[in-house]
Amino acid sequence: MNILGIETSCDETSASIISDGKLIANVVYTQEIHKKYGGVVPEIASQQHLNEIIDVVDSALDKSNLQKKDLNGIAVTYGPGLMGSLLVGLNFVKAMSLSLNIPFLGVNHLEGHLYSNYIDNDNISFPNICLLVSGGHTQVWLIKNYNEFTLIGETTDDAAGEAFDKGARILGLNYPGGPEIDKISKNGNIRYHNFPRPKVKNSPYSFSFSGLKTSLLYYTQKIDNLEFKNNIKHISASYQEAILDCLFNALENVTTNYNDVNDFYISGGVAANSRLRVKAKSFEEKFNKKIILPKLEYCTDNAAMIAMASYQKMMNGQKSNYDLAPSPNLKL
Ligand code: KG4
Ligand code: ZN
C-alpha cells in the first residue's frame with residue numbers, strides 16, 4: 001500500500017511517501033521568505049504553498065520511483081494551523097483524490113508529531129510518555145497504545161517554541177528563534193544569569209513560559225548595550241537552559257508518579273535543540289529511563305509524520321468525506 005502524505009499547516013510545504021509502512025520519500029520546502037518579517041505572514045504562507053506544492057509532490061514521487069497511478073491513498077493535515085495554509089493542502093488533496101479515484105484522510109497535525117517518533121523505530125513499548133514541544137504547543141501525553149492518548153499536562157500560556165521565538169526577538173536574533181538561540185548558545189555560559197524556572201501550582205506536568213520571556217525582556221532592558229553585546233551568547237545560553245529545565249522538571253515529575261513508564265519520547269521543532277539532546281542523555285542516566293528523539297528532519301514540520309499517523313487507519317479503510325473543512329484550532 002502506497003500512501004502520499006501532505007503537510008501545509010504553517011510555513012513548510014511537504015510531501016512524503018510511505019510504502020507498506022516504510023517511509024521511502026520525504027521532501028520539505030521551508031519558506032525562508034518569512035525570516036525578513038520576523039515571523040510567519042499567513043497570506044504569504046498560503047501563496048507559497050500554492051507556488052510549491054506541485055513541485056514538492058512531484059519530487060517526492062520521483063524520489064520514491066513511483067507514479068501517481070501507484071498511489072492507494074493520500075493523508076493530509078487538516079488542523080491545527082493557519083486557515084489559508086491548511087486550505088491549500090486540503091483542496092489540493094481533494095482534487096488529487098477525485099482525479100485518481102483514491103481515498104484521502106484528514107490527519108491532526110499534533111497526532112503527526114506524536115507519530116514522528118515511530119518513523120524509524122519499530123520497537124515501541126507502551127505505555128510511554130510523549131513530550132510534544134513545537135511552536136504552537138507544549139503538551140505531555142500519556143500514550144497507552146497507538147491510538148490511545150491522554151493529555152496529562154500542557155502550557156498555560158506560551159509554547160516552548162514560542163518562548164524561543166519571542167526570546168530571540170528580544171535578543172535581536174532572526175526568526176525562527178529556536179535554531180538561532182541554539183546556535184549562539186553553543187559556547188555560552190548557562191549559569192551567566194539565573195532566569196526563573198516557573199512552575200504551575202498543583203499541576204506537575206504543566207508549563208508557563210510567558211513570565212520567563214518577560215524576565216528576559218526586563219533583564220536586557222536593565223543592562224547596558226555594551227554588556228548586552230559582549231555577553232549575548234551567555235544570556236542566550238542561560239535563557240535556553242531555563243526553558244529546557246522547565247521541560248525536564250515536568251518529565252522528572254512524571255518519573256515520580258508514573259513508575260510503570262520507562263520510555264519517554266520528545267517530538268516537535270524544539271526536540272531539534274542540541275542542548276535538549278545533551279540534557280536528555282543526562283536525564284536518562286540520572287533516572288534510568290530511555291528518551292527517544294526523532295531524527296532532526298522529523299522534529300520540525302514534515303509530511304512523513306502525517307503519512308505515518310494515517311497508515312494504520314487507512315489500512316483499516318478509514319477515509320474522510322469531501323466536505324472535510326480545515327480546522328485551525330483542532331485539538332487532539
Ligand atoms: O514543530 P514545528 O516545526 O512547528 C509547529 O508545529 O509549531 O516547531 C517550530 C518551532 C519554532 O518555534 C522553532 O523556533 C522551534 O520549533 N525550533 C527550535 C529548534 N528548531 C526549531 N527550538 C529550539 N532549538 C532548535 N534547534
Ligand atoms: Zn508542527
Residue 168 vs. criteria among the small types (Gly, Ala, Ser) and over 18 Å from residue 331 (Cα atoms): yes
Residues (within 15 Å of ligand 1 (Cβ to nearest atom) and at positive phi) located in the range 1-38: 38
Selection from the range 300-310 of residues that are touching a Gly at 6+ places or on another chain (Cβ under 6 Å) and not polar (S, T, N, Q): 303, 305, 306, 307, 309
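This table checks each residue for (1) at pLDDT 95 or above; (2) in contact with a helix residue (DSSP H, G or I) (Cβ under 8 Å, 6 or more places away or on another chain); (3) part of a helix (DSSP H, G or I).
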site	(1), (2), (3)
248	yes, yes, yes
259	no, no, no
270	yes, yes, yes
286	yes, no, yes
291	yes, yes, no
309	yes, yes, yes
313	yes, no, yes
Subset of the range 152-170 that is in a loop (DSSP other than H, G, I, E, B) and surrounded by fewer than 20 Cβ atoms within 10 Å (Cβ to Cβ) - its residue that is nearest to ligand 1 (Cβ to nearest atom): 157
Top-ranked residue in the range 174-192 [being more than 15 Å from ligand 2 (Cβ to nearest atom) and either without any contact (Cβ under 8 Å) to a residue 12 or more places away in the chain or assigned to a helix (DSSP H, G or I) (or both); ranked as nearest to residue 274 (Cα to Cα)]: 182
Single residue of the range 262-306 satisfying the filter (of a type in the set (Val, Ile, Thr) and within 16 Å of ligand 2 (Cβ to nearest atom)) that is surrounded by the most Cβ atoms within 10 Å (Cβ to Cβ): 306
Candidates 39, 5, filtered to the one that is surrounded by fewer than 18 Cβ atoms within 10 Å (Cβ to Cβ) and under 22 Å from residue 110 (Cβ atoms): 39
Filtered residue count, the range 135-150, keeping only those that are open to solvent by 40 Å² or more (accessible area, probe 1.4 Å) and either under 14 Å from residue 264 (Cβ atoms) or among the charged types (D, E, K, R) (or both): 2
Among residues of the range 8-28, those that are farther than 21 Å from residue 94 by Cβ, assigned to a strand (DSSP E or B) and open to solvent by 10 Å² or more (accessible area, probe 1.4 Å), counted: 6
Matching option when the condition is more than 16 Å from ligand 2 (Cβ to nearest atom), over 30 Å from residue 226 (Cβ atoms) and open to solvent by less than 20 Å² (accessible area, probe 1.4 Å), among 126, 195, 209, 104: 104
Which numbered condition residue 285 fails, given (1) without any contact (Cβ under 8 Å) to a residue 12 or more places away in the chain; (2) within 25 Å of residue 85 (Cα to Cα): (2)
Single unsatisfied condition, residue 120 versus (1) more than 16 Å from ligand 2 (Cβ to nearest atom); (2) open to solvent by 40 Å² or more (accessible area, probe 1.4 Å); (3) of a type outside the set (Phe, Trp, Tyr); (4) part of a strand (DSSP E or B): (4)
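The values are calculated or read from the model by the stated rules, or taken from the named source; none is laboratory data. No experiment lies behind these values; they were computed from the predicted model shown. Positions of Cβ are backbone-derived with ideal geometry, glycine not excepted, and every protein chain shown enters the neighbour counts. SASA here: full protein model, heavy atoms, side chains in, ligands and nucleic acids out. Shrake-Rupley method; radii C 1.70, N 1.55, O 1.52, S 1.80 Å.
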